[in-house]
Every structure is written in C-alpha cells, then in structure tokens.
Amino acid sequence: MRKKIVAGNWKMNQNKAEAIAFIEALATKEKPEGVQMMLAPSYVVLDACSQAASKDLIIAAQNINQHDSGAYTGEVSADMLKSIGVETVLIGHSERRSIYGEDHSILAEKVKQAALHNMQIVFCVGESLEEREAGKAEEIVKKQLADSLFFLSSTQMKNVVIAYEPVWAIGTGKTASPEQAQEMHAYIRKLVEEKYSPITAEQMSILYGGSVNTGNAKELFSQTDVDGGLVGGAALKADSFVELLNAF
Ligand code: PGA
C-alpha cells in the first residue's frame, strides 16, 4: 500500500512562536492512523520545528541549494538541513519556478543533490492556465518529470513523492475538479510505470495541490490515484490541518 500524506507548505508564513504553537496544538489532537503528516516551515524555524515535532510528523524544507557548500549567500545546503534532522525537501514548486527562475536544469541539480544526500524529495509539477487551455497540460507535466526527475534510479525513486499542482489552482481558490486531478494523477502514474516499473508506480504517492481545503479534500482524496495533498492556505491552522488528515 502506498502512503497517504497530508503535507502543509507554509511558504513565507508562521514565525517561530506561531510555528511552535501549531506543532504543540497538533500534538494534542486526535489523528487518524495511517496518514503521514508533513510540514514545510521556513528555514529560520526549521530547527525549532524539528525539535518540537513528534516522530510521526515529518518536517521538510521548502528549498535546498544544488551545491555542497561555498560562496552562495543566503542559501542552505543539504548537509545543513541534515545536521538539524531535516531529511525531506520540496523541489520544483511553481513559486520557485516562476518567481525565482528555477528552470529545469537547476531543478535537476537540486534533485541530484537531495538524492545524493539520501533526502526524501517532494517533487512538484503542474501546468499554467494557458497551457491547460491550449490542451498541453499532460505534455508540460511529462516534460517537467522527464527533465528534472526521471534520471533518478528506481532505488532513488523510492524516496520520492510527486505533487501535482496546477499553477492556476495555487492560492486562487480555484481547485482542479476531482476528475481533472484523477486524470492527471493516473497519467503521472502511467509515466512512472513506463519509465520505471509497475511496482515503482504503484508505490509512488502522488499528492494533489492547489486550493485544497476542508470542504473539497474528501472528494479529491477519494480519487483512486490521489494519495493526499500538498496544502498551503488550509494548512496554516492546526484545526484545519487535522480536518485534512481526516479527509481520507
Ligand atoms: P494553496 O497552496 O493550498 O494555498 O493553494 C498549495 C501549494 O502551493 O503548495
């Protein structure tokens, strides 16, 4: 059985007091069995969060630098993340692609770097509204995977989660319909199967992201190939995060 996951991407939200209050509140709440919890706080609170987190909560970084060390002002390396117990990283988020110019070759280097350090990777893909309307959604997602992820070995792929996040649905309140999500997730799984194997594809958790909330999560998560969510806005409060955990 592949893992069900609810991952909160906090983006540039939650200062230290807020982050710790969330994690402490989460610890007191009743949570369902069998759903992996993951939170991606900002760099400055990662250490505090990983110390405060219970074992069943994965603390992930939102970014990683592609180099080992050196003159890269403002950047954070895999080794630094691992030194504070952070073993998971988001790569390829559309905000990193569009605002910070992370193109496919930079993303491939980041994936390589994370894999080299045996980190779990949450690799994000997704088309823009223009691309969807032009009927190019599958082509774009296929290229994003081929360019920056599919050079990993099948052993390395065991440590990968794919998040499908249509750019037009992120932070807009416009969610993909459950059918649209299912269609793309099934397509992604097929691509993984073709490139790797049926087993790799079957075991790959594929998360949906883009305006997931407590009102739509149940329907989205009930789709055959949707194994959970990568959630921004609705993962900023412990109560709604717990509701999402219960949406399977
Ligand atoms: P959103 O963000 O849930 O606020 O749309 C999702 C994401 O960007 O990961």
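Just so you know, all these numbers are worked out from the coordinates, no wet-lab data involved. Small disclaimer: the values here were computed from a predicted structure and weren't measured. Methodologically, a virtual Cβ is constructed for each residue, glycine included, from the backbone with ideal geometry; neighbour enumeration extends over all protein chains shown.
Any idea how many residues of the range 89-148 are β-branched (Val, Ile, Thr) and under 16 Å from Ser77 (Cα atoms)?
Adding up the residues that qualify gives 5.
Assuming Ser77 fulfils every condition listed in (1) within 16 Å of the ligand (Cβ to nearest atom); (2) in contact (Cβ under 8 Å) with a residue 12 or more places away in the chain; (3) of a type in the set (Ser, Thr, Tyr) apart from one, which condition is it?
(1)
Out of the residues in the range 145-159 that are assigned to a helix (DSSP H, G or I) and polar (S, T, N, Q), which is surrounded by the most Cβ atoms within 10 Å (Cβ to Cβ)?
Selected residue: Ser148.
Could you tell me how many of the residues in the range 158-183 are closer than 27 Å to Gln120 by Cα and of a type in the set (D, E, K, R)?
Matching residues across the range 158-183 total 3.
Please determine, by comparing only the residues of the range 154-187 that are without any contact (Cβ under 8 Å) to a residue 24 or more places away in the chain and either of a type in the set (S, T, N, Q) or touching a helix residue (DSSP H, G or I) at 6+ places or on another chain (Cβ under 8 Å) (or both), which one is farthest from the ligand (Cβ to nearest atom).
Per the stated criteria, the residue is Thr155.
If you check every pair at least six apart or on different chains, which have Cβ atoms under 6 Å apart with a residue in the range 1-24 that is under 30 Å from Ile199 (Cα atoms) first and a residue that is aromatic (Phe, Trp, Tyr) and within 16 Å of the ligand (Cβ to nearest atom) second?
Final answer for the pair search is Gly8/Phe241.
In the range 89-139, how many residues are β-branched (Val, Ile, Thr) and more than 18 Å from Phe150 (Cα to Cα)?
Qualifying residue count for the region: 1.
Name the single residue that is farthest from the chain's Cα centre (by Cα) among those in the range 1-41 being within 14 Å of the ligand (Cβ to nearest atom) and assigned to a loop (DSSP other than H, G, I, E, B).
Here the residue is Gln14.
How many residues are in a loop (DSSP other than H, G, I, E, B), away from the ligand (no atom under 16 Å from the Cβ) and buried (at least 21 other Cβ atoms within 10 Å of the Cβ) when one looks only at the range 111-144?
Qualifying residue count, the range 111-144: 1.
Tell me yes or no: at least one residue of the range 177-191 is in contact with a Ser or Thr (Cβ under 6 Å, 6 or more places away or on another chain) and crowded, with 17+ Cβ neighbours inside 10 Å.
Scanning the range 177-191 turns up no residue that is in contact with a Ser or Thr (Cβ under 6 Å, 6 or more places away or on another chain) and crowded, with 17+ Cβ neighbours inside 10 Å.
Yes/no per residue for (1) within 16 Å of the chain's Cα centre (by Cα); (2) not aliphatic (A, V, I, L, M):
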| residue | (1), (2) |
| --- | --- |
| Gln144 | yes, yes |
| Ser154 | no, yes |
| Ala169 | yes, no |
| Gly173 | no, yes |
| Gln182 | no, yes |
| His185 | yes, yes |
| Ile188 | yes, no |
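Which count do you get for residues in the range 76-97 that are buried (at least 19 other Cβ atoms within 10 Å of the Cβ) and β-branched (Val, Ile, Thr)?
Selection size over the range 76-97: 4.
Looking at (1) farther than 25 Å from Ala108 by Cβ; (2) outside any helix (DSSP H, G or I); (3) not β-branched (Val, Ile, Thr), can you tell me which one Leu230 breaks?
All conditions pass for Leu230, except number (1).
Suppose we filter the range 189-222 for residues that are among the β-branched types (Val, Ile, Thr) and either in a helix (DSSP H, G or I) or out of contact with any Gly (no Cβ under 9 Å at 6 or more places or on another chain) (or both); how many remain?
Adding up the residues that qualify gives 4.
Would you point out the residue of the range 212-231, among those that are crowded, with 23+ Cβ neighbours inside 10 Å and among the small types (Gly, Ala, Ser), that is nearest to Glu95 (Cα to Cα)?
Checked the range 212-231; the qualifying residue nearest to Glu95 (Cα to Cα) is Gly229.
Give the range 194-248 a look and list any residue that's hydroxyl-bearing (Ser, Thr, Tyr), over 17 Å from Lys158 (Cβ atoms) and either within 14 Å of the ligand (Cβ to nearest atom) or in contact (Cβ under 8 Å) with a residue 60 or more places away in the chain (or both), or say none.
Tyr208, Ser211, Thr214, Ser240
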